[in-house]
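A.B. asks: Before anything else, here's the structure in question.
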Amino acid sequence: MVNKKLTNKFLPKKVNNKVTPIGMFGKDPLVLPNYSGVKHHAQTKAAFQSKLSVIPPIQLISDTLSFGFSTDNTWTGENTFSGEVKGTKESIIMGHNRNLVCSAGVEKFLQIADTVIMTDLKGICMIRDGSIVGMSINFDLTGATGKISNLILRVKKNGTAVWEENVSNTITSNNKTDFKTQARGTDTFSAGDTISVCLESDGVSGSLTLSKVIVKLEYYYDD
């Protein structure tokens, strides 16, 4: 219930009956006019700025009704945002349908955009600053020769390797899968950088023969 003594103290008489509680002032509700066109009383504004408190994990950012969270939070149900949601996660899929022979010490780039084969400088031109955070692969390993130990999945930025992982042994099998993740901010890129992905066999000599390769690259944009 609205405390009339409090409203009499801080609000003009003509708006006493047209108020809405918006926060707590000590043990009493803090109220403001609930219709537009009425200026906030100076004492009310000062009281709101000095007395408004929030309960963790909500943190008061400024004297506006903006707030942030100091911990991770789970949102349930549908959410509607009128402004832009920044820092979202993006991904892209690439692959190679026919036989792909990966020899020791030789990079084989994947295909993208209607079977265009990527190279050091032919790849995804990034639209914003961000971070690479994940990659996955699904493929058939149909043959192995020589002294090969692993299959390497490598991400390159402007022709320089920034992240690579072993994603397979040399045992032939269909529908082999693997996935890797890393923390945001570990391998970053800037707007305009070219990101490409390739495979290479790790070993002294020999090769691995792959087919039906599907790779997914995951990244965050900063804004």
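The values are calculated or read from the model by the stated rules, or taken from the named source; none is laboratory data. All of these numbers come straight from a predicted model, not from anything done at the bench. Using ideal geometry, Cβ is built from the backbone for each residue, glycine included, and neighbour counts are taken over all protein chains shown. These accessible areas exclude ligands, DNA and RNA; they are computed on the full protein's heavy atoms, side chains included. Shrake-Rupley method; radii C 1.70, N 1.55, O 1.52, S 1.80 Å.
A.B. asks: Could you give the dipole magnitude of region 122-223 about its Cα centre, charging the beta-carbon of Lys and Arg +1 and that of Asp and Glu -1, in debye to the nearest 20?
C.D. replies: 260
A.B. asks: If only Cα atoms are counted, what is the Rg of region 82-191, and what is its Dmax, in Å?
C.D. replies: Rg and Dmax of region 82-191, Cα atoms, are 15.6, 59 Å.
A.B. asks: Something else about it: Less than 12 Å Cβ to Cβ from Val215, Lys/Arg counted +1 and Asp/Glu -1: what total charge do the surrounding residues give?
C.D. replies: +2
A.B. asks: Work out how much length Arg128 to Asn99 would gain on full extension: take 0.36 nm times their residue separation and subtract the Cα-Cα distance, in nm to one decimal.
C.D. replies: So the extension gain works out to 7.0 nm.
A.B. asks: Toward the positive end of the charge dipole of region 124-223, about the Cα centre and with charges on Cβ (Lys, Arg +1; Asp, Glu -1), which of Ala191, Ser136, Ser207 goes farthest?
C.D. replies: Of the candidates, Ser207 comes out farthest on the positive side.
A.B. asks: Same structure, new question: Leaving out ligands, DNA and RNA but keeping every protein chain, what accessible area does Phe109 have, in Å² rounded to the nearest 10, with a 1.4 Å probe?
C.D. replies: For Phe109, the solvent-accessible surface is approximately 30 Å².
A.B. asks: Taking a quarter of the surface of the Cα convex hull of region 141-193, what do you get in nm²?
C.D. replies: Computing the convex hull of the Cα atoms and averaging its projections yields 5.1 nm².
A.B. asks: Which whole-Hz ³J(HN,Hα) couplings does region 154-169 yield from phi under the Karplus relation 6.51 cos²θ - 1.76 cosθ + 1.60, θ = phi - 60°, glycine and proline marked x?
C.D. replies: Karplus values, whole Hz, x for Gly and Pro: 10, 10, 10, 10, 6, x, 10, 5, 10, 7, 9, 9, 6, 10, 6, 8.
A.B. asks: Same structure, new question: Along the positive direction of the dipole of region 112-172 (beta-carbon charges: Lys, Arg +1; Asp, Glu -1; about the Cα centre), which of Val162, Ile127, Ile112 reaches farthest?
C.D. replies: The listed residue farthest towards the positive side: Val162.
A.B. asks: Where does region 99-157 land on the Kirkwood hydrodynamic radius, alpha-carbon pairs, in angstrom?
C.D. replies: Values: mean 1/r = 0.0715 Å⁻¹.
Kirkwood radius, region 99-157: 14.0 Å.
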